[in-house]
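Accompanying notes for the structure given below.
The values are calculated or read from the model by the stated rules, or taken from the named source; none is laboratory data. Because the structure is predicted, anything quoted here is derived from the model rather than measured. Cβ atoms come from the backbone with ideal geometry, glycine included; neighbour counts cover every protein chain shown. Calculation scope for accessible area: heavy atoms of the full protein, side chains included, ligands and nucleic acids excluded. Shrake-Rupley method; radii C 1.70, N 1.55, O 1.52, S 1.80 Å.
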Amino acid sequence: MPSAPDSGPTDAETEERVAAAAAQLVEHVDENGDVIEIVTRAQMRAGSLRHRSVYIAVLDHDDRLLVHKRADWKDVFPGAWDLVFGGVCDVGEDWEPSAHRELLEEAGVRGTLVDQGPVTFEAPGVALVGRFYVCRHEGPFVFDDGEVTDTKWVPLSGLAEFIDSHEVPPDSELVARRLVPEPPAHDSQASSP
């Protein structure tokens with residue numbers, strides 16, 4: 001079982017985290033991921049500027065996905081149940097080092113990452129190009145950065161039901177659904193005996 005997040009940051013700590021996140025420098029990129037300019041995260045969010053992000057799904061050896069509830073102070077999808085860890089890449093940061101950094105910051109673990117390929121996502125207020133990874137890990141996990149307020153393991157076989165019954169960020173849903181195989185298509189042309 002994942003370790004429970006601590007009691008949470010104080011109001012002053014939350015204000016510091018929000019200010020630090022807003023001041024973070026990020027790359028505003030085009031559809032191909034080529035850098036247009038360097039902006040603050042606050043400018044990126046205010047202008048809905050496309051940026052680079054990484055996603056890391058954490059699975060245990062029983063094919064259960066570690067999901068987590070986002071802190072209410074997060075700048076996008078506050079309080080939602082996230083299906084993957086990850087975040088915005090730092091300026092000049094390659095995909096895999098970014099994914100390792102985010103996994104360590106958000107879940108307190110290091111592990112082997114398996115590249116699942118590129119991600120593109122656009123919705124009102126959010127545009128990104130990204131990379132998706134899977135990490136097999138049993139924990140223990142540490143959630144001391146204040147971004148995670150609750151966690152649980154969800155069997156991949158129950159992922160669709162979890163998504164239907166919880167508020168989930170749409171980009172997180174997009175990548176996590178890749179983990180669940182599509183049911184085989186029925187052949188409507190099959191002959192009957």
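Brief remarks on what is shown
- Charge dipole magnitude, Cβ of K and R +1, D and E -1 - the chain, Cα centre, debye nearest 20: 260
- For the range 73-193, the relative contact order comes to 27 percent (Cα pairs under 8 Å, sequence separation of at least 6).
- Fluctuation leader among H137, H166, H51 - the chain, Gaussian network, Cα springs under 10 angstrom: H166
- Multiplying the residue separation of A23 and S165 by 0.36 nm and removing their Cα-Cα distance gives an extension gain of 47.7 nm.
- Between helix 11-23 and the chain there is an angle of about 80 degrees, using the helix long axis and the longest principal axis of the Cα atoms.
- Looking at the chain, the accessible area is 53 square angstrom per residue; that uses a 1.4 Å probe and ignores ligands, DNA and RNA.
- Dipole of the chain [Lys/Arg +1, Asp/Glu -1 at C-beta], most positive-end residue of S172, G111, P155: P155
- Ratio of the Cα radius of gyration of the range 84-134 to 2.2 N^0.38 Å, where N counts its residues: 1.15
- Over the chain: Kirkwood hydrodynamic radius from C-alpha pairwise inverse distances, Å: 17.6
- Calculated from backbone phi, Karplus (6.51, -1.76, 1.60) coupling profile of the range 82-97 in Hz, x at Gly/Pro: 8, 8, 9, 8, x, x, 6, 6, 6, 4, x, 7, 6, 4, 5, x
- Distance from the range 14-38 to the range 117-147 (C-alpha centre basis), Å: 16
- Taking every C-alpha pair closer than 8 Å and separated by at least 6 residues, the mean separation divided by the residue count of the range 93-158 gives a relative contact order of 32 percent.
- Binning all Cα-Cα separations of the range 37-132 at 10 Å, short to long from zero, yields these whole-percent fractions: 14, 47, 34, 5, 0.
- For the chain, share of DSSP beta bridges that run antiparallel, in % to the nearest 5: 75
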